[in-house]
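The values are calculated or read from the model by the stated rules, or taken from the named source; none is laboratory data. None of the values given here were measured: they were computed from a predicted structure. As a convention, Cβ positions derive from the backbone with ideal geometry for all residues, glycine included, and neighbour counts pool all protein chains shown. Surface areas here come from the heavy atoms of the whole protein model, side chains and all, with no ligands, DNA or RNA. Shrake-Rupley method; radii C 1.70, N 1.55, O 1.52, S 1.80 Å.
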Amino acid sequence: MIYCYSRSRKSYGSYQQRIFHAGQREFSTTRIMANPNTVLGANPQPQQYETDLRWEMVDEYSFSHLHPAGSTHPSNEVLTYALDNSKKEGLPNIAVSPSQGKYLMLQARMIRAERILEVGTLGGYSTIWLASAWKGVRVTTVEINPHHQSVAQTNLAQAGVSNKVESLLGPGVEVLTKLAGEVKAGKRKKYDMVFIDADKINNWNYVNLALDMTRPGACIIVDNVVRRGLLADAEAAKTNPNVEGSRRVVENVGKDPRIDGVVIQLVGGKNYDGFLVATVNNDE
Ligand code: DHB
Ligand code: MG
């Protein structure tokens, strides 16, 4: 498929032309390639990446202008350190993209979130973004893998945000059940924002537990629900538990009066995927 940009919109200048010509030649279609991170955790499915030069270029262009060298919340140096150190320590290359991380931070800032819960720390890349939202924010981040937790703690220390982050080790459903109990008992305040980026089969369980410990108006975001479009493929859900987990969370959020949501499809340097973005309804 050739993606035709309007030839008449000359104001896009050389960038537009370059992309247009690239589009007519070899970069006109997205490329699907083997994901080197296949066979992660409980996921038995062969996975693929999908890339497109335009997605990469737009991410690079816009992020370099909107989070330029010299940015401090957080600095590009600590972000790069976290990714490099995670790679060196053998963690899979599946953190959110820089633009997605920045969106999460801005979302936290927009609602002035004081307490954020993150499920799936990995190397703490998104944790660094969330903890950098503003001075009053605190993040509870949950990770099942002790090596990941340890790498994340190094990365968080390097980023200077360790004092804003509570890092908990254990299976997400177990840890969230305990946290919800503490909230119910009045030992812990309700969360303002939840970012779910862990094993996909438990997506709905995490949202359901989050609903027991979030305030009305809280924001709940679930990563990776679009899965290169497989979200809309009922057949794929029969054999791919990650697709099944993504469909279940979308369908259940749609039926649940406690929460209202939308799926935002995302492309970028890494893949075609997307967030489920939802908010906890008010009482009325
Ligand atoms: C995978 C998991 C993620 O959280 C992600 O952002 C990308 C990929 C995975 O399991 O492959
Ligand atoms: Mg993810």
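Based on this model, can you work out whether Ser126 counts as in contact with a His (Cβ under 9 Å, 6 or more places away or on another chain), assigned to a helix (DSSP H, G or I) and within 15 Å of ligand 2 (Cβ to nearest atom)? Give the steps one after another, and end with the answer.
Working: in contact with a His (Cβ under 9 Å, 6 or more places away or on another chain): no; assigned to a helix (DSSP H, G or I): yes; within 15 Å of ligand 2 (Cβ to nearest atom): yes.
No: the conditions fail for Ser126.
For region 46-102, which residues satisfy the criterion of being β-branched (Val, Ile, Thr), in contact with a Leu (Cβ under 8 Å, 6 or more places away or on another chain) and open to solvent by 20 Å² or more (accessible area, probe 1.4 Å)? Give the derivation first.
Residues of region 46-102 that are β-branched (Val, Ile, Thr), as a first pass: 51, 58, 72, 78, 80, 94, 96.
From what is left, the residues that are in contact with a Leu (Cβ under 8 Å, 6 or more places away or on another chain) are 94, 96.
Result: Ile94, single match.
Of the residues Val250, Val280, Val225, which is of a type in the set (A, V, I, L, M, F, W, C) and within 15 Å of ligand 2 (Cβ to nearest atom)? Step through it out loud before you land on a result.
Values: Val250 fails: within 15 Å of ligand 2 (Cβ to nearest atom); Val280 fails: within 15 Å of ligand 2 (Cβ to nearest atom).
Every option except Val225 fails the conditions.
Taking Asn163, is it more than 19 Å from Thr214 (Cα to Cα), more than 16 Å from ligand 2 (Cβ to nearest atom), touching a Gly at 6+ places or on another chain (Cβ under 8 Å) and not aliphatic (A, V, I, L, M)?
Working: more than 19 Å from Thr214 (Cα to Cα): yes; more than 16 Å from ligand 2 (Cβ to nearest atom): yes; touching a Gly at 6+ places or on another chain (Cβ under 8 Å): no; not aliphatic (A, V, I, L, M): yes.
Considered against the rule, which asks whether it is more than 19 Å from Thr214 (Cα to Cα), more than 16 Å from ligand 2 (Cβ to nearest atom), touching a Gly at 6+ places or on another chain (Cβ under 8 Å) and not aliphatic (A, V, I, L, M), Asn163 comes out as no.
Just wondering, is there one or more residues in region 130-146 that are out of contact with any helix residue (DSSP H, G or I) (no Cβ under 9 Å at 6 or more places or on another chain), modelled with pLDDT of 95 or more and in a helix (DSSP H, G or I)?
So far as region 130-146 goes, yes, one or more of its residues are out of contact with any helix residue (DSSP H, G or I) (no Cβ under 9 Å at 6 or more places or on another chain), modelled with pLDDT of 95 or more and in a helix (DSSP H, G or I).
Can you tell me which residues in region 103-121 are open to solvent by 20 Å² or more (accessible area, probe 1.4 Å) and within 16 Å of ligand 1 (Cβ to nearest atom)? Walk me through how you get there before you give the answer.
Taking region 103-121 as the starting set, the residues that turn out to be open to solvent by 20 Å² or more (accessible area, probe 1.4 Å) are 103, 106-107, 109-112, 114-115.
Once the filter is applied, which keeps residues that are open to solvent by 20 Å² or more (accessible area, probe 1.4 Å) and within 16 Å of ligand 1 (Cβ to nearest atom), region 103-121 yields only Tyr103.
All but one of (1) more than 14 Å from ligand 1 (Cβ to nearest atom); (2) of a type in the set (Asp, Glu); (3) closer than 14 Å to Trp204 by Cα hold for Asp223; which doesn't?
Among (1) more than 14 Å from ligand 1 (Cβ to nearest atom); (2) of a type in the set (Asp, Glu); (3) closer than 14 Å to Trp204 by Cα, Asp223 violates only (1).
Is it the case that Ala133 is among the aliphatic types (A, V, I, L, M), under 21 Å from Thr214 (Cβ atoms) and in contact (Cβ under 8 Å) with a residue 24 or more places away in the chain? Explain how you work it out, then say what you get.
Numbers: among the aliphatic types (A, V, I, L, M): yes; under 21 Å from Thr214 (Cβ atoms): yes; in contact (Cβ under 8 Å) with a residue 24 or more places away in the chain: yes.
So Ala133 fits the description; yes.
Kindly evaluate Lys135 against the criterion of being open to solvent by 20 Å² or more (accessible area, probe 1.4 Å), within 16 Å of ligand 1 (Cβ to nearest atom) and farther than 22 Å from Asn282 by Cα. Full working, then the answer.
Working: open to solvent by 20 Å² or more (accessible area, probe 1.4 Å): yes; within 16 Å of ligand 1 (Cβ to nearest atom): no; farther than 22 Å from Asn282 by Cα: yes.
No: the conditions fail for Lys135.
Assess whether Ala152 counts as being in contact (Cβ under 8 Å) with a residue 12 or more places away in the chain, open to solvent by less than 20 Å² (accessible area, probe 1.4 Å) and farther than 30 Å from Ile32 by Cβ. Show your work before the answer.
Details: in contact (Cβ under 8 Å) with a residue 12 or more places away in the chain: yes; open to solvent by less than 20 Å² (accessible area, probe 1.4 Å): yes; farther than 30 Å from Ile32 by Cβ: yes.
Against the criterion (in contact (Cβ under 8 Å) with a residue 12 or more places away in the chain, open to solvent by less than 20 Å² (accessible area, probe 1.4 Å) and farther than 30 Å from Ile32 by Cβ), Ala152 qualifies.
Do any helices (runs of 4 or more DSSP H) entirely within region 169-284 hold 3 or more residues that are touching a residue at least 24 places away in the same chain (Cβ under 8 Å) and open to solvent by 30 Å² or more (accessible area, probe 1.4 Å), and if so, which?
In region 169-284, 172-184, 203-210, 241-255 are the helices (runs of 4 or more DSSP H) which contain 3 or more residues that are touching a residue at least 24 places away in the same chain (Cβ under 8 Å) and open to solvent by 30 Å² or more (accessible area, probe 1.4 Å).
Met213 is checked against (1) within 16 Å of ligand 1 (Cβ to nearest atom); (2) closer than 19 Å to Thr127 by Cβ and fails just one. What number does that condition carry?
Only one criterion in (1) within 16 Å of ligand 1 (Cβ to nearest atom); (2) closer than 19 Å to Thr127 by Cβ is unmet by Met213, namely (1).
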